[in-house]
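The values are calculated or read from the model by the stated rules, or taken from the named source; none is laboratory data. From a predicted model like this one, the values you see are computed outputs, not experimental measurements. Every residue, glycine as well, gets a Cβ built from its backbone with ideal geometry; the counts of neighbours run over all protein chains shown. For the accessible areas, the whole protein counts, side chains as well, though only heavy atoms, and no ligand, DNA or RNA atoms are used. Shrake-Rupley method; radii C 1.70, N 1.55, O 1.52, S 1.80 Å.
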Amino acid sequence: MHTRYSFLSIDRDDDGNDRYAPTSNNILRGVGCLIIGAAILFLLSPAPNTHPGGIGGGLIRESTDQFSHRGAVDPRERTRKLPVRIQSLLAQSQIIGNRLEEVKEGKKTVEEIIHGGSHLAGMGHNDATGGVHAGGIGSSGHIGAGAASRNHKSAPMTLNEVLVFMQSFLKKLNSSNIKNKRATFHGIWAAYHDLTVKWLYPWDQEYLRRMPPRREDGSVFLSVVSFRDEFCPDTLKEAFAKAQHPEKLVVGLVQQNCEDEKCRSGVLETNKMEDVKPDPDCYLLFCSSEAGKKYCNEGQLRFLKLKESESLGPYMARYFASKLWMGEQWYMQIDSHMTFLQNWDASSIEMLKAAPSEKPVISHYPPPHTADLVEKANVAAPRLCGPVFATSDLESQIIRLEGSYDYDSVKLETPRFAPFVAAGYMVAHSDILREVPFDPFLPYIFMGEEILLSARLWTSGYDIFSPTQSLLGHHYVRNHKPKFWESVHRTFTFGVHNPLQMLVLNRVKYQLGYPEAAKDMIKPKSLFTAVEQYSMGTSRSLEDYLKIVGLNMNTKEVTYTAWCETGVPPPGFEKYGHLYQT
């Protein structure tokens, strides 16, 4: 085996033994190495405290009197004493510095690094004597997103701050996608993971710390995500037109469109695609219309635009939309191709208030858009009951939810319990965004979000109910329309989406207790980065939830539980049985 030496040449004597002799060239190399080493030591040395106001010229200038009593140490002093390199990492939102490889290899988790004060941002044991408070390690437990300057950023995050960051992140994502055009599915995940660890995750933790307070004014936040959808403008028009209180309605729209001169259609009947015109601009069409102009001018439509190539799937689109929430009392989530019953907003809230729970969620798969919602007003709404383990190799045995069915012959005023939520129509108290936040590490998935969200909600103390009546309709059949996984193929290479989705689904399966997705079974370990930050709640156990809904992750079997189909409360909730007697 060849062995390298820093600045000694290697000769062999007549007996074949090695002997070492310095040469002029190698001595020069050695001197160079010493100079470089000295420079590195200089960079790692503590920064001189030449700015009494704070870091790098006084980012922090609050009074330090509050720390002068009882020998308390001003936590900002710890930040000032960090090495220059670490100060730079904090200012640039890089939360773990040179320890990213350890996360990717599974040797350390992000939590272990950022919660271990002596290992702040990749430092060794001797780099710091304690954690950083007020935006570093301490009160929030996280660092990043400009942690060094967050001492004076305790106010709720503004919409402008959210949009500026999101646009910056999407620009970085676009550059990363271009750079990784020919990457394998492992390479695509690695690039997204590293970008998210560096930028999106630390920002997300700051956002959660600085979320606006929830108002008690009857306001409604409606999350709408659109992917190349010509029905989107009509959805927005009808949502406002048929709301009982349109003045209290705020829409958070995430639009993912192709704006190129030549766009591609979905797969046509000929099994081919063809060039098509750019997609209709939902935001522009709505805001320029007589129906929408007023609401846009009054700030009731918040808007984030993504290029088609930046689409990360419906789950991540909903993640982005959730960040456009600014304290509205109620949270509603729908697709961008819906129809509405008159007073749908007030009726949704009334159903929430009628549910026998302190933390209710109303959800189901709405009837098709062709349904006469007025005619159905006096008919019990369909309920979402039946789960199945997917059998396709492309779906990785993830839980799929079958359609809603009409189980009830009599409409009741009290919503009936249900085991699952549907992503296309969900209504809840807006604290759901604080207590069960969307996970920024779930890109490129099209399935798995509903069963994961259902489990996270239930374990966080939320009870799921079916609506008493159908308030919205849904365009289900959209043949030949563009799909986001087709965009993934154009952004990267054809066929890469399926293995990419199956890889990311391991994060979902781990949280749901699939034995084959245990941490010691899955690589890369980066799939588990910060997973506990966005996983099950602590109010109730996952084991109890799976038992109630009849799912066995070990045997991949579904047990018929009957309570959902018959409309009675699930086990443990029998005290509410009298509400459902007909």
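A few notes on this one:
- Ordering 517-530, 553-566 by mean Cβ neighbour count within 10 Å, with the highest value first, yields 517-530, 553-566.
- Residue 478/residue 562 FRET efficiency (R0 30 Å; Cβ-Cβ; nearest 0.05): 0.30
- The phi-based Karplus calculation (6.51 cos²θ - 1.76 cosθ + 1.60; θ = phi - 60°) puts the 3J(HN,Hα) values of the stretch 370-378 at 6, 5, 8, 5, 5, 5, 7, 4, 9 Hz, whole numbers, x for Gly and Pro.
- Nonlocal amide H pairs with residue 303, under 5 Å, H built at 1.01 Å: 253
- Of 277/481; 242/293; 198/509; 248/323; 181/262; 242/305, those spanning more than 23 Å from alpha-carbon to alpha-carbon: 198/509; 242/305
- Oblate is the label for the stretch 511-578, because a/c, from the alpha-carbon gyration tensor with a ≥ b ≥ c as root eigenvalues, is 1.5 or above and a/b does not exceed b/c.
- Three-way shape label, the stretch 452-582, alpha-carbon gyration tensor, a/c 1.5: oblate
- Between residue 406 and residue 375, residue separation times 0.36 nm minus the direct Cα-Cα distance comes to 9.7 nm.
- Geometric extent, Cα atoms of the stretch 148-262 - Rg, Dmax (angstrom): 18.2, 51
- Ranked by how many other beta carbons lie within 10 Å on average, peptides 373-384, 209-220 from highest: 373-384, 209-220
- Amide proton proximity set for residue 404, modelled H, under 5 Å, gap of 5+: 365
- Packing around the peptides 435-443, 417-425, 158-166, 573-581, taken as the average count of other Cβ atoms within 10 Å per residue, puts them in this order, highest first: 417-425, 435-443, 158-166, 573-581.
- Taking θ as phi - 60° and the Karplus parameters 6.51, -1.76 and 1.60, the scalar couplings of the stretch 412-417 work out to 10, 7, 9, x, 8, 4 Hz in sequence order, x denoting glycine and proline.
- Measuring only protein heavy atoms, the 1.4 Å probe finds residue 237 accessible over about 70 Å².
- Of the chymotrypsin sites (Phe, Trp or Tyr not before Pro) found in the stretch 444-519, those that fall in a DSSP loop while having at most 11 other beta-carbon atoms within 10 Å are 494.
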